[in-house]
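Let me begin by presenting the structure, written as C-alpha cells, before commenting on it.
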Amino acid sequence: MTVFADEAATDMFGRRLAARLAPGDVVLLSGDLGAGKTALTRGILAGLGHVGEVPSPTFTLVQSYDVPGVRLPVWHVDLYRLEDPDEVEELGLDEILADGALIIEWPERAGGRWPEALHLTLTDSGEGSRRLTARVPPAWEARWPI
Ligand SMILES: Nc1ncnc2c1ncn2[C@@H]1O[C@H](COP(=O)(O)OP(=O)(O)O)[C@@H](O)[C@H]1O
Ligand SMILES: [Mg+2]
C-alpha cells in the first residue's frame with residue numbers, strides 16, 4: 001500500500017509508472033468519483049511525453065494518445081457510462097495492444113475482463129491524500145514496486 005499525500009505525489013507516481021509501461025500493458029484504475037484516477041492518468045501520460053490536456057473521455061469513452069512525442073501509444077478509456085458489459089467489444093480496445101497500452105477507468109463496468117492487467121485502486125484517505133492498493137500480475141512482478 002502506498003499513500004499519496006497530495007496531487008503532486010499522485011502525478012509523480014504516474015510518471016514513474018510511465019517509465020515501465022510497455023506495449024500490451026493494461027492498467028486498470030478503480031476507485032470512486034474523485035479518487036484520482038484521471039489525475040494518475042495525467043501523470044502517466046506526462047511521463048510518456050504528452051504535453052497538454054487530458055480530458056476525461058466521459059462521453060466518447062476512449063481518448064487516443066497515439067501521436068509523435070508520446071513514447072508509447074496509449075488509449076485512455078473511461079467506462080463509467082458503459083451500460084452493458086458487452087458494449088466494450090464495440091470499442092475495439094485490443095487493437096492498441098500490439099503497439100501500445102490501455103489505461104482503463106471503471107473497469108468493473110466491463111465485468112471481469114483483463115485478468116492479466118495491473119489493477120490499481122485509489123481511495124480518498126482525507127485531507128488531499130489518496131491510498132493506492134495494487135493487484136500485481138506476473139507480468140508486472142519484476143517492475144513492482146514502482
Ligand atoms: N492526492 C491526490 N491525488 C489525486 N487527486 C487529488 C489528490 N488530492 C486531491 N485531489 C483532487 O481530487 C480530484 C481527483 O479527480 P479525478 O482525477 O478526476 O478523479 P477520478 O478520475 O477518479 O474521478 C481532483 O480534483 C484533484 O485535484
Ligand atoms: Mg476520471
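None of the figures in this text is laboratory data; all of them are computed from the coordinates on show. Quantities reported herein were computed from a predicted structural model and do not represent experimental measurements. Glycine also receives a Cβ, built like all others from the backbone with ideal geometry; neighbour counts cover every protein chain displayed.
Determine the shape class of the stretch 78-146: with a ≥ b ≥ c the square roots of the Cα gyration tensor eigenvalues, call it rounded for a/c under 1.5, and otherwise prolate if a/b is greater than b/c, oblate otherwise.
Numbers: a/c = 2.31, a/b = 1.26, b/c = 1.83.
Oblate, because a/c is 1.5 or more while a/b does not exceed b/c.
Modelled this way, with points 7 Å down the Cα-to-C-beta line, the labels at residue 12 and residue 143 are 2.1 nm from one another.
Taking the Cβ-Cβ separation of residue 19 and residue 116 as r and a Förster radius of 25 Å, what is the calculated FRET efficiency to the nearest 0.05?
Working: r = 20 Å, r/R0 = 0.81.
Here the calculated transfer efficiency is 0.80.
Our helix-only sum for the chain, with -39,500 (n - 2.57) per DSSP H run of n ≥ 4 divided by its residues, gives a mean residue ellipticity at 222 nm of -6000 deg cm²/dmol.
Taking label points 7 Å from Cα along the Cα-to-Cβ direction, residue 90 and residue 135 give a separation of 2.7 nm.
Compute the Cα gyration tensor for the stretch 1-84, then decide on rounded, prolate or oblate, letting a ≥ b ≥ c be the square roots of its eigenvalues: rounded whenever a/c is under 1.5, prolate when a/b is larger than b/c in the other cases, and oblate in all that remain. Write down the numbers at each step before the final one.
Values: a/c = 1.59, a/b = 1.04, b/c = 1.52.
Taking the square roots of the gyration eigenvalues as a ≥ b ≥ c, the stretch 1-84 is oblate.
Highest average first, the peptides 30-38, 79-87, 97-105 ordered by how many other beta carbon atoms sit within 10 Å of their residues are 97-105, 30-38, 79-87. Specify the inter-centroid distance of the stretch 44-77 and the stretch 129-144, based on alpha-carbon positions, in whole Å. Taking the Cα centre of the stretch 129-144 as reference, the centre of the stretch 44-77 is 21 Å away.
With a ≥ b ≥ c taken as the square roots of the eigenvalues of the C-alpha gyration tensor of the chain, please select rounded if a/c is under 1.5 and otherwise prolate if a/b is larger than b/c or oblate if it is not?
Working: a/c = 1.32, a/b = 1.17, b/c = 1.13.
Rounded, since a/c falls under 1.5.
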